[in-house]
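Written below as structure tokens is the structure these notes are about.
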2 protein chains.
Amino acid sequence: MADPYIKDYLMTAGPTPLPPRVSQVMAEPMVYHRAPAFVDIYARALERLRIPFQTANDVLAFASSGSGAMESAVANLVRPGEPALVASCGKFGERWAELCEAYGAELHHYEAEWGTKVDPAEVERRLAESGATVLFTTLSETSTGVVNDVAALTEAAHAHGALIAVDAVSALGAVPVRQDEIGVDVVVAGSQKALMSPPGLGFASVGEAALAYAEESPGRRYYFDWGRTAKGQRKDPPDSPFTPAVGLFLALDVALGMIEEEGLEQVFERHRLLGRATREAVKALELELFGPEDENANVVTAIKVPDGVEGARVPKVMRDKYGITIAGGQSSLKGKIVRIAHCGYFGAFDIVTTIAALEMTLRELGADIELGAGVAAAQRVFLEAGVAAATPA
Amino acid sequence: MADPYIKDYLMTAGPTPLPPRVSQVMAEPMVYHRAPAFVDIYARALERLRIPFQTANDVLAFASSGSGAMESAVANLVRPGEPALVASCGKFGERWAELCEAYGAELHHYEAEWGTKVDPAEVERRLAESGATVLFTTLSETSTGVVNDVAALTEAAHAHGALIAVDAVSALGAVPVRQDEIGVDVVVAGSQKALMSPPGLGFASVGEAALAYAEESPGRRYYFDWGRTAKGQRKDPPDSPFTPAVGLFLALDVALGMIEEEGLEQVFERHRLLGRATREAVKALELELFGPEDENANVVTAIKVPDGVEGARVPKVMRDKYGITIAGGQSSLKGKIVRIAHCGYFGAFDIVTTIAALEMTLRELGADIELGAGVAAAQRVFLEAGVAAATPA
């Protein structure tokens, strides 16, 4: 029989699909990183990075994964032997704890249950108890789909005189970070999620208080030293202390130009629609969302695998048979959930396609699923909103 | 008048020009880093990386610049308060010293004069004097074109029971590193020079002794921790602890395939020809090479700017008028030398073109230069060698 599933769809929370013009620019000939042809683009991309961070800070850029940007926060803010508080609710939050230990902090780790949000009141208690001067936490926890209330967490940190560093790797450009409005001291992110760019760039948007705190205790870092990169980027024209990942910057600049063109509020609105459509589809299929239903959880939708279905087979059948790559659960959630990402270059019919394939897959694996029911629920969300708002630029 | 200089030529030591098929592969759609479509290429690229390193080691790969790979060596090998020896002869060697200081080493720094080689006998004396357990040095010093005798330096280090870590960022794939034959403990490199790939990947080929030494003293590092990356890469299939720079790996795999196809010895022979042709052209123009004439200095050729010519204008006219990007001198050599790179995807007519433009530029800036004399000398080198050997695959 002919195979009608010849196309591939990438529905993971990083790397995410690239818009064709982002891909294409990387096929351009290489340029010297100190030639005007690159320097102009580098300067523009750095300027444009402020848009998704919603900040006037210099956004520091590193050739690294998002974890490298997280490491920059720990390397610059942790002082050996001094207390630091990590507030986590999933796998990526735990990375903060591992980093703090590697850098010799007196680690205090508040582990909220996976699938729940970090509780600001508990954070307050832990800050008071530990005397931590820095709080590390997560905006969108990619392993569970949970989006934390960073405004409340920032208030908690500042009430105790602590700085707050937020991992927004999967959130940036999908949900509002409002760094300057909220007063978040440090926001770190990566290129390969909602920023619609290839993996390989890490970012740290660092406020003056955090920069000053880091400068008070130099050493123990070099590549990820904020001061070194800030000094380079503040030159006119800006200069990177190390060879920048030229091709990735060309891609980032095009992608950020698309976000600017679509308009940041429209980008957020599109993600809200994609998230809502996915959640409505899940509910219409009488499947269970993992974690509380949350109108802000618009980065990744985590779905409990129904009883009687072997969880690990769902992403496998989705990919091998239907060409659609979604993610399963990580660590303790292995085989228990699947995760559909919608952060970045995603539109309405990516959700329709993925839900349709999920329906077919679950049915094939023995679940009692009504074909088309999830799709119809998603369609209704898009129709009610009007199609234009759900279409990326 | 019509401008006949409408084409651009990149003649810098990183980023270097990309072969068209390396550029093209980055325009392919993004893939998930845990999907078989990527994992197979990741595994193959890691395997192929052993070729230019001339090693059986696992070559550890980081999403970072080459400086990140250097930092990995310092973060894993330096123990706070313990002596480390840096033997430098230029700007990139000095980076080792800055890194060692950032990581709290008791730094001993032997600074050979810029334009000379590090002297193995002096290294021996410094090792004996300092009791350093690690020697950090450079294979090809990009700021001056000097290529050090790593075999002799390795012998010196091992005679004193020290490990040796070598920066081969600009050398790897241009001149033989012979890591296993010589017994170099650690070789670090980057993607963007002779490996004909875009910037953004750093590599560390780490022998068992160095890995074991690093493991004895864990902590103070995370992203660049060798043990963490080695553990991931040694899985079957290999897995990166952090999101790998997917597109850059696709490019690297194609580029390494080209090196495999051309044959490593042929690649080295091509670089020998390019280096020799450039040096012969310089001599025919009665210009002076910076540093000793060295048949191994086949990565970058540094040329003294002749008296009466304003040095900073040479690269400027070369680029702005003729479209050819070469590098000037750095730090104390600013305005005193120019540097023509020939490491990576370079062929005979890149040298011919660059020498022709250099002749025209120097003449324009007032030097007494015989047009075509340098070109003819380069032509003779290529003709004597036979054209085939000088053509990249």
Check: Ranked highest first by the average count of other Cβ atoms within 10 Å around their residues, in what order do B:317-325, B:169-177 fall?
Finding: B:169-177, B:317-325
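What do you get for GluC sites (Glu not before Pro) in the stretch A:262-355 restricted to DSSP loop and a cutoff of at most 12 other Cβ within 10 Å of the site's Cβ?
Answer by residue number: A:GLU293, A:GLU295, A:GLU310.
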Item checked: Gaussian network model of chain A, Cα within-10 Å springs - most flexible of A:ALA189, A:ALA284, A:ALA251 -> A:ALA284
Check: By a straight-distance test (C-alpha under 30 Å), which lysines pair with B:LYS235 as possible cross-link partners, with residues fewer than eight away in the same chain excluded?
Finding: A:LYS7, A:LYS91, A:LYS193, A:LYS304, A:LYS316, A:LYS321, A:LYS334, A:LYS336, B:LYS193
Next item on the list: Might you report the magnitude of the Cβ-based charge dipole of the protein assembly as shown about its Cα centre, with Lys and Arg at +1 and Asp and Glu at -1, to the nearest 20 debye?
Entry: 1000
Item checked: Kirkwood hydrodynamic radius over Cα pairs of the protein assembly as shown, then Stokes diffusion coefficient at 10 °C and 1.306 mPa s, in µm²/s -> 58
Notebook entry, point to check: Put +1 on the Cβ of each Lys and Arg and -1 on the Cβ of each Asp and Glu in chain A; which of A:TYR42, A:ILE182, A:SER130 then has its Cα farthest toward the positive end of the dipole?
Noted result: A:TYR42
Check: If you average over every viewing direction, what projected area does the convex hull of the Cα atoms of the stretch A:1-41 give, in nm²?
Finding: 5.0
Notebook entry, point to check: Using alpha carbon centroids, what distance separates the stretch A:208-235 and the stretch A:1-45, in Å?
Noted result: 30
Checklist line | Sequence of B:TYR223, A:TYR32 once ranked by neighbouring C-beta atoms within 10 Å, starting from the fewest | finding: A:TYR32, B:TYR223
Next item on the list: Sort out for me the Cα centre separation of the stretch A:331-390 from the stretch B:300-357, rounded to whole Å.
Entry: 57
Checklist line | Likely footprinting exposure, B:ASP225, A:ASP294, fewest C-beta neighbours within 10 Å first | finding: A:ASP294, B:ASP225
Note to self: So for the stretch A:31-261, averaging the separation of alpha carbon pairs under 8 Å that are six or more residues apart and normalising by length, what relative contact order in percent results?
What the structure shows: 28
Checklist line | the stretch A:31-261 - share of DSSP beta bridges that are antiparallel (%, nearest 5) | finding: 40
Margin query: Tell me whether the stretch B:110-236 comes out rounded, prolate or oblate; compute the Cα gyration tensor, take square roots of the eigenvalues as a ≥ b ≥ c, and use a/c under 1.5 as the rounded threshold.
Written below: oblate
Checklist line | Size of electric dipole in the stretch B:31-261: Cβ of Lys, Arg +1 and of Asp, Glu -1, about Cα centre, debye, nearest 20 | finding: 680
Check: Could you put A:ARG228, A:ARG21 in order, starting from the residue whose Cβ has the fewest other Cβ atoms within 10 Å?
Finding: A:ARG21, A:ARG228
Check: Just counting partner chain Cβ atoms within 10 Å, what average do the residues of peptide A:238-250 show around their Cβ?
Finding: 6
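Relative contact order for chain B using alpha-carbon pairs under 8 Å, separation at least 6, rounded to a whole percent?
22
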Note to self: Just to be sure I understand the rule: take each whole DSSP H helix in chain A, project its Cα atoms onto its long axis, keep it if the span is 18 Å or more and its mean Kyte-Doolittle hydropathy is at least 1.0. Which ones pass?
What the structure shows: A:246-262
Notebook entry, point to check: For chain B, what does the alpha-carbon gyration tensor say about shape, rounded, prolate or oblate, given a ≥ b ≥ c as the root eigenvalues, a/c under 1.5 as rounded, and a/b over b/c as prolate?
Noted result: oblate
Next item on the list: List the aspartates and glutamates whose Cα lies under 15 Å from the Cα of B:LYS117, skipping any in the same chain that are fewer than 8 positions away.
Entry: B:GLU94, B:GLU141, B:ASP149, B:ASP167, B:GLU293, B:ASP294, B:GLU295
Check: Just the Cα atoms of the stretch A:31-261, one point each, no solvent: what log10 I(q)/I(0) does Debye give at q = 0.08, 0.11, 0.12, 0.18 Å⁻¹?
Finding: -0.26, -0.50, -0.59, -1.31
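No lab work stands behind these numbers, since they all come straight from the coordinates. The shown structure was predicted, so the numbers you read here are calculated from the model rather than taken from an experiment. Ideal geometry is used to build each Cβ from the backbone, glycine not excepted, and the neighbour counts take in all protein chains shown.
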